[in-house]
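Everything below concerns the one structure shown next.
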Amino acid sequence: MNYPMQDVHTLSVEEILQIFETEAEKGITASEAENRTKQFGANVYEAQKQKSIWMMLLLQFKSPIVYLLLAAVIVTLYFKDYRINYLVRKINIS
């Protein structure tokens, strides 16, 4: 077996079983599982340190699209405010 395997999702079940030298009904023996653990290491997921909410908020500003959206909000708020003021003055003068 060559690890890491590429494009495993494209293989059929039969091909996967053949590559891993196992059977769908029986699986692998305890001794084979021990050998594979020695060869490839334990199948354990190591949890990552949780990021704080503030750090996740700051990481949202990594993308340039965020800056574009913020600029659009500022421009929209700027012009919206002045248009309303202009209309209010126009109505009051009339």
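The values are calculated or read from the model by the stated rules, or taken from the named source; none is laboratory data. None of these values were measured; they are calculated from a predicted model. FYI the Cβ positions are ideal-geometry reconstructions off the backbone, even for glycines, and counts take in every protein chain you see.
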Practice problem: Tally the residues that are closer than 25 Å to GLU14 by Cα, of a type in the set (A, V, I, L, M, F, W, C) and in a helix (DSSP H, G or I), restricting the search to the stretch 25-55. | Solution: 3
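Go through the stretch 13-57 residue by residue and tally those that are polar (S, T, N, Q) and more than 27 Å from the chain's Cα centre (by Cα).
First, pick out the residues of the stretch 13-57 that are polar (S, T, N, Q): 18, 22, 29, 31, 35, 37, 39, 43, 48, 50, 52.
Keeping just the survivors that are more than 27 Å from the chain's Cα centre (by Cα) gives 18, 22, 29, 31, 35, 37, 39.
Counting residues in the stretch 13-57 that are polar (S, T, N, Q) and more than 27 Å from the chain's Cα centre (by Cα) gives 7.
Being modelled with pLDDT of 85 or more and in a helix (DSSP H, G or I) is true for just one of LEU77, LEU58. Which residue is that?
On the way: LEU77 fails: modelled with pLDDT of 85 or more.
Only one candidate passes the filter, namely LEU58.
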Quiz item: Can you tell me which residue in the stretch 32-55 is modelled with the lowest pLDDT, limited to those that are of a type in the set (Phe, Trp, Tyr) and loosely packed, with under 10 Cβ neighbours inside 10 Å?
Solution: TYR45
